[in-house]
Structures are given as C-alpha cells and as structure tokens.
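Report on the following structure.
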Amino acid sequence: MMPRTRRTAALCSVACACLLLTAACGRGFDDAPGQTAQQTSGPAGLDILIGSSGEAETAAVKQAAQAWAAAAGATATVTPAQDLQQQLGQAFAGDDPPDVFYVDAVRFADYASVGALEPYAGKISRPDDFYPTLRAAFTYNGTFYCAPKDFSTLALIVNQDLWSKAGLTAADVPTTWEQLTSVGEKLQAAGITPLALGDTRDRIGAFMVQAGGWLTSPDGKRATADSPQNLQALEYVRTLLADRLARYPSQLDAGWGGEAFGKGKAAMTIEGNWIKGALKADFPDVKYTVHELPAGPEGKGTLSFTTCWGISAKSPYKQQAISFVEAMTKADQQMAFARAFGVMPSRQSAKSAYTAEFPADAPFVDGAAYAQGPVNAPKMDSVLADFDTGLQQLTSVAPKTLLQRVQKNTQAALGTS
Amino acid sequence: MRPRRPGAARENLAGWLFVAPVVIVLGLFMLAPILMAMWVSLTDWNGQGSPFRSGVPFVGLDNYSRLFTEEGLARQDFMTSVRNNVYYVAIVVPAQTVLALGLALIVNARLLRGKTFFRAAFFFPSVTSSVAISVVFLFVFANSGAVNGLLALLGVDGPQWFADSRGVLHLLLGAAGLVDPAAPPQALTTGGPFGLSWWEWLSGPSMAMTTIIMLVVWTTSGTFMLMFLAALQDIPVSLEEAAMLDGAGRWGVFRHVTLPLLRPTLFLVVTLGLIATWQVFDQIYVMSQGNPAKTTLTPAYLSYETAFGGFEYGTGTAISFVLFAIIVALTLVQRWVLRERRS
C-alpha cells in the first residue's frame, strides 16, 4: 500500500506540474517574429514610461504629452516609473513594452544590442542639431538610434563663503590641475576640506578625459583602459586623496558630493547641473558659483550624462511615437522643460536661448563641446561596477593594477583581445 | 502487497480533490516558476520576449561553469559574494540563536517583573519593517552618528562604518601581530581556490558587513525568542523539579533537561536562520548595495544585480539555483548534526 500510494502521488504531482506548465505556456510564449503589426490603424494610444526626477518633471511631461495628443488626435498615457530599469526589463520580457520610454545612455548599448530599440533618430527633423557628444552616446554600430532628451555635464562648484574664508578670490578658481592642487593646499591650510569628489567613474572619469584617456575606444569596440593617460589621471587623483586635498563623500559623512558640499564640509565639488535643484531644495542658504572643470595635460574635459526618448521596436504606433518625440525635442519645448525642472536642451539651436535665460549655467553648457559620454558598449555593467569598486580603494591599490584589471574585464566583456 | 481495500480508489480521488486547490496554487505559483527559471539558467536569454521561444540560445551548463571553473569577473564576483555570506551566516546564526534562547529564558523566568513589557520590547524589532530599521541603522552608524558618539565618549575613534571595507579578520590578525594587513605574506596572496586568493578568503566580514550583522541579529532574535518561549512553556515544570530533587543544579537542569527538550525548536530556529541568512537581500539593497568594495555583496543581491542590472538573466538565475543547492546541503548537514543520538 505505502510504496504504491507514494508513487501515485509522485506521478500525480508530476502530471499536475506538466499540465500547469502547458497551460501556462499555452498563450503568449510562442510569438513568431513578424507577428507584431507595423502600423495599426485608428487613433493611436501611446504608452510612455518615464524615469522621472520628481513631481515637476512628471507634471511637465504629462502636460506636453496632452498637448501633443490633442493636436495629433491620439491619446498619450504618461507613467512615471518606480524603478525604470526593472520595469522595462519586465516589460521587454513580457513582450509588452511601452511605446516610448526613457533610455539612459549608460544602458543604451544593452538595449540596442538586443534589438529592443527602433533606430528612428534619422527621421527626426535636423538630427545634426543635437550635440555631437550626445549623438555619439546613442549611436550603436554606426546607427544613430534615438533622440537625446536633454543632458547634463560635470562642472566645478565653489562655495563662496568658504572660499572667502580662506582668503581666496574669484581669480583663484583653478583652471588647471596644478592650480587645483595649489588652491587645495591653501584651503587645507585654512582648515577647510578642499574638494568633495564622488568615488565612481562618473566623477573620476573626468580626470581621465582631461588627461586624454578613456575606458573604451570611441566606437566602443576596443578596451583602452590600460593607457599612460589614464594612469596619469588616476595617479593625480590618488595624490589628491592621499594628501586629503580631495575626499570621498562617504568620508565626509555624505551620500554624494552635493550633500557634502551643501553641508559646507568641502569648499568645492565636481557635480552636474542636478546639484542646482538639490541645493535649492536642501541647502537654500549656500552661496555657490559654477565653473568649468580644471584642464588636464590634454586640455579641458568633462563627462556628459544623457537620456534619450527610446521607441520600442515592437510598438504598433511607431509613426505616432516619432511624431511625439519630434514634438518633445523641439527647441521651444526643450526650453519649457528646462524652465520646469532644470535640464539642459539637447539641441544646439536652443543653446543661446538657454544661456540667455540661465547665464549661471554657461559652464555646464560649454562643457558639451569637450564632454565624454558614458561607456557605450553592451555587457559592461559588471565591469564598470568592478572599476568603481577599485576606485573606492584608490589610495590602497596601485592605479596600474586597477587599470589592468579593467582592461582585462573589458576585453572579456567586449569579446576582443 | 496487500489486496486493495474496496473503495480505496474513491477515497484516493476524494483525497486528491480536497488537496487540489493547494496543489494547483503551489504548482502554479511555486513549481512552475521554479522550473521556468531553471530553463532560463540553461540559456543565454537576453530578456527580450519570452525565454521559451525557438530563437533563445541554449547554452547548457555554461552559466554554471562561469561561476565555478572559468576565470573571469563573473566567478570573482560570485565567489566574493559567497565568501561574504559565509562569514555572515557563521556569525549571525549562532549569535541570533544564543541571543534568542537567552531572551526566552529571561522572559520565561518565573520571578521576572514586567514580563509582558520585556516580551514586547524584545519582539518589537521583529515586527518593524526591515527597510525602516535599516534606514535607522544608517543614521545610527553614520560617521558622526550615535555609535561613534558613544565610542568618542570612551575615547575611541570610531570607524567609518559603511565606508570601511577592511576585513575584521585581517584587522585581528594585524592587531595580533601575525601578519601586516598592508603587506600580506606572499604565501597567502598567490593562489587560492576559485579565483580568490587565500588572503581574500580569510578577510572576515568587513566593518560595513558587521553593522548589517548587528542589525540582523537584533531584529531576528525577537522572532526566534518567541519560538523558544513557546517551547519552554511546553516543558512541564514537574520535570525540572524532579531533576532538582535528584540534586541537579540550575546549570545541570538547563543542560540535561531543558536543552534536550528544546532540540526540535533548536532545529527549527537554526534551519530558519540558515535559510534566511543565506537569502539576505533587503538589508543589502537598502543599506549598501554591495559596497564598499563588494564586501557586502551576497549571492541573492548579486543574482538580482546580474539579471536586472547586467541583463544576464541566465547567470542571474544560475546564481540563485546554486544558492538553493547551498541552502539544501547545509540544512541536510545540520539535520544530521542535530539528529537524535540513540545507541
């Protein structure tokens, strides 16, 4: 009796599982390619998923989308994501992606390489009007995929009060590495931490650009981490850290450079234009000025961060989606966004209007001319995270070892040698 | 085999009918997803469309071999996360079990006043959201937070808890003068299993990890205290009194009467502790995200990061199945250790 019952039970559960599996797989799991219609007739309903920076951005995008929908005779539903990356991942896996969504330049190559994105950027009016560095950030295998929404660059933020407390004037704002060191020493002598520097590639990478180096070749096909330029940059940052002229935010009890700066724990920080909003909200009394980053041995250099309007390759409303993006990336619409939530227009034709309205932001906008975008290659996420880990230990690990490690990992990820 | 009782088949059918709801729910929401995930771990699925299409490349055990035999970042990250978690489990499970038992004994003591108050106080951390408590700990252990403030009163310059990636074992070895952490001996830094050097394996939990360990021991001991308390209240007082009459001291009663009777509960607590500690995720996600220097990376968090961060769903699910195997193996070992020994 006993063994028989057990076997029956086992058989039954296996049968049940099989039944359930087939039931579960019955629909939706065998979509043949070509099944997705290119264009559906009737009024289009666009699903737009945005990784919003806050209420202001959500409201502004919603308003702009409604205006477009009313003019185009379509509907547009804007959804702010809680966790854009994870929600997009699930939507792609479930074969039900939104029609239009934000794509961070950091993730762009991952999405483009798996064919999730529609390469529509050529159909947008005057694609050459977008800053070249932004176009490069959204170009994969020679194709410009999606229209940049807006962008940010890094600049040097200086605390006015701490500056004058150390007896420094506007003329002392450093424009070269040497000046950065000497100004730092003066601040240190006055008992002030000179620089709060984020401990990731997104800040320290700017020094690599100033030294003429970067992690990958411009086309994203080769690893170029282990170069004398990068070594020089890391050696320099290492000296700053070792002499305590620069400190990581965590050492200053802050989550990021802007927080350390706002709390008055450092006289300078290197951050992007998002710091304006953060300081206004959390530290409204801090007086600061914005300057271009000090130039390195190979001249000026900064990093740019950007997001594009991605259109799903599976969207049934591609034409409407492109018309929507067209409306969102018009110069005057970009200026409206700039006023609403403080981003910089991605079109060069909007530059003069922007600097006229926000003259204090000129150093950020000017950075676009010599900015380096994020690493534009797929499968680099864990490699870059590992590099960040190395940068956190920059004072105790030799920069050469660190760069060799990134070089090796990048080569493995890119499949080159 | 005995001949079948008449009507047995109908009884069987009725039985299956009665359990059908549970079987269906478990099958649909547990077994089927697990089997699907197992399939994903054998593929190089890129997250586009369904993983059960014909175009999804089948790679066999490649995702698993990348974690164990192939030199590279995937193995290094995975082994680092396993190392971190081994130290985490090795400290948290004994500590929370002993603490929970101790608290239960205190609350169970017949002479204690304000029993309800203490019971509630000890249990309180367990019912609070782990995310909320993690955030509170972030403040308490901040560089200028309460803990470092207290240490400063004692004249100790507290560490930068969440930014400190130094291993505790390294620090202890250094303090004992056995090795110099800045220049570890050649014998330890060259070679070692699975791509990490012996020196890296022997790091111990980092300072950042110790704060998470403290947090978890504190929050979970309340739940386990409740289990021990229930078991303690089941032990007949007469048994303990009989042992006392036979001349056993307090320790003797505890060691030879109370503890053996608690064995099933001990097994439960240690098993639950093992499972929960190997799966630690939310504290890591909220407090450190694997930083500093990957010393709080755990397999559960790495699996999430690999799948959703790096789009390597195959490797991500492979990590979770290895984690599953580790938990099952350790539970079996522990069952064998705690088995009833009867000669």
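The values are calculated or read from the model by the stated rules, or taken from the named source; none is laboratory data. Please read all numbers here as calculations on a predicted model, not as lab measurements. Using ideal geometry, Cβ is built from the backbone for each residue, glycine included, and neighbour counts are taken over all protein chains shown. Just so you know, the surface numbers come from the protein's heavy atoms only, side chains and all, with ligands and any DNA or RNA stripped out. Shrake-Rupley method; radii C 1.70, N 1.55, O 1.52, S 1.80 Å.
General observations
- Sites residue B:22 and residue B:189 - FRET efficiency at Förster radius 51 Å, r taken between beta-carbons, to 0.05: 0.40
- Farthest toward positive dipole pole in chain A [+1 Lys/Arg, -1 Asp/Glu at C-beta], among A:413, A:325, A:395: A:413
- Taking packing as the residue-averaged number of other Cβ atoms within 10 angstrom, the listed peptides A:279-289, A:331-341, A:373-383 run from highest to lowest as A:373-383, A:331-341, A:279-289.
- Take each residue of peptide B:237-246, count the partner chain Cβ atoms within 10 Å of its Cβ, and average: the result is 0.
- Of the residues B:141, B:111, B:65, the one whose Cα sits farthest toward the positive end of the charge dipole of chain B, with +1 on the Cβ of Lys and Arg and -1 on the Cβ of Asp and Glu, is B:111.
- Placed amide H near residue A:149: partners under 5 Å, 5+ positions off or other chain: A:307, A:308, A:309
- Additional length obtainable on full extension of the chain from residue A:235 to residue A:55, 0.36 nm per residue less Cα span: 60.6 nm
- Cβ-Cβ distance of residue B:135 and residue B:10, R₀ of 51 Å, FRET efficiency by 1/(1 + (r/R0)^6): the value works out to about 0.30.
- Region B:58-130 - accessible surface per residue (Å², probe 1.4 Å): 52 Å²
- Rounded to the nearest 500, the helix-only mean residue ellipticity at 222 nm of the protein assembly as shown stands at -16500 deg cm²/dmol, with each DSSP H run of n ≥ 4 adding -39,500 (n - 2.57).
- A simple spin-label model places pseudo-atoms 7 Å from Cα toward Cβ; at residue B:180 and residue A:77 they are separated by 6.6 nm.
- 14 Å Cα-Cα reach of residue A:263 towards aspartates and glutamates, excluding residues that sit fewer than 8 places from it in its own chain: A:161, A:253, A:282, A:285
- In the elastic network of chain A, a GNM with C-alpha springs shorter than 10 Å, the most mobile of A:125, A:349, A:152 is A:125.
- Seen against the Cα atoms of chain A and their longest principal axis, helix A:177-189 is set at about 70 degrees.
- Mean sequence separation of contacting Cα pairs (under 8 Å, at least six apart), scaled by the length of chain B, corresponds to a relative contact order of 26 percent.
- Separation between Cα centres of region A:239-286 and region B:13-58, rounded to whole Å: 49 Å
- Exceedance of the 21 Å cut-off in Cα-Cα distance is limited, within the set A:408/B:294; A:221/A:379; A:186/A:400; A:62/A:123; A:186/A:300; A:221/B:294, to A:186/A:400; A:62/A:123; A:186/A:300; A:221/B:294.
- Sequentially through region A:361-369, phi angles give Karplus couplings (6.51, -1.76, 1.60; θ = phi - 60°) of 8, 3, x, 5, 5, 4, x, 4, 5 Hz, Gly and Pro residues having no value and appearing as x.
- Highest average first, the peptides A:222-233, B:182-193 ordered by how many other beta carbon atoms sit within 10 Å of their residues are A:222-233, B:182-193.
- Test item: A:87-97 mean partner chain Cβ contacts at 10 Å: 3
- Directionally averaged projected area (region B:16-158, Cα convex hull): 17.7 nm².
- Kirkwood Rh (inverse of mean 1/r, distinct Cα pairs), region B:206-343, angstrom: 17.9 Å
- In region A:191-255, the C-alpha radius of gyration followed by the widest Cα-Cα span (Dmax) gives 13.4, 46 angstrom.
- Fraction in percent of alpha-carbon pairs per bin - 5 Å, region A:58-117: 4, 16, 23, 22, 16, 14, 5
- Every Cα-Cα pair of the protein assembly as shown was included, and the share exceeding 35 Å stands at 57 percent.
- Stokes-Einstein diffusion coefficient of chain A, Kirkwood radius over Cα pairs, 25 °C, 0.890 mPa s, in µm²/s: 104 µm²/s
- From the C-alpha gyration tensor of region A:277-404, square roots of 5λ in Å: 31, 25, 15
- Measuring nothing but alpha carbons in region A:135-221 and taking Rh as the Kirkwood radius, the Rg to Rh ratio lands at 1.12.
- Protection proxy ranking of A:395-406, A:202-213, B:108-119, A:96-107 - average other beta-carbon atoms within 10 Å, highest first: A:202-213, A:96-107, A:395-406, B:108-119
- Check: region B:1-160 dipole with +1 on Lys, Arg Cβ and -1 on Asp, Glu Cβ, in debye: 1120 debye
- Take the Kirkwood radius over Cα pairs of region B:89-140, plug it into Stokes-Einstein at 20 °C and 1.002 mPa s, and you get 168 µm²/s for translational diffusion.
- Cα→Cβ-extended label distance, 7 Å offset, between residue B:268 and residue A:86, nm: 3.1 nm
- Simple Cβ-charge dipole of the protein assembly as shown, Lys/Arg +1 and Asp/Glu -1, about Cα centre, in debye nearest 20: 2620 debye
- As an equivalent ellipsoid, region A:335-417 spans semi-axes of 37, 16, 11 angstrom, where each value is the square root of five times an eigenvalue of the C-alpha gyration tensor, largest first.
- Residue-wise HN-Hα coupling along region B:112-125, computed from phi with Karplus coefficients 6.51, -1.76, 1.60 (Hz; x: Gly, Pro): 5, 8, x, 4, 4, 4, 5, 4, 5, 4, 5, 7, 3, x
- For region B:286-335, the Kirkwood hydrodynamic radius comes to 11.7 Å, computed from all pairs of different C-alpha atoms.
- Nearest-0.05 FRET efficiency for residue A:222 and residue A:291, computed from C-beta distance (R0 30 Å): 0.35
- Backbone phi angles across region A:277-284, fed through the Karplus curve with coefficients 6.51, -1.76 and 1.60 (θ = phi - 60°), yield HN-Hα couplings of x, 5, 5, 4, 6, 9, 10, x Hz in residue order; Gly and Pro are listed as x.
- Residue A:128-residue B:329 pseudo-label distance in nm [points 7 Å out on the Cα-to-Cβ vector]: 6.2 nm
- The C-alpha atoms of chain A define a longest principal axis, and helix A:318-328 lies at about 20 degrees to it.
- Residues in region A:245-294 that, when all protein chains are in place, have 20 Å² or more less accessible area than the chain alone would give (probe 1.4 Å): A:250, A:251, A:253
- Peptide B:71-77 shows a mean partner chain C-beta count of 4 within 10 Å per residue C-beta.
- Under 5 Å, built H, 5+ apart or other chain: amide partners of residue A:304: A:372, A:373
- Alpha carbon Rg of chain B, scaled by the compact-globule rule 2.2 N^0.38 Å: 1.22
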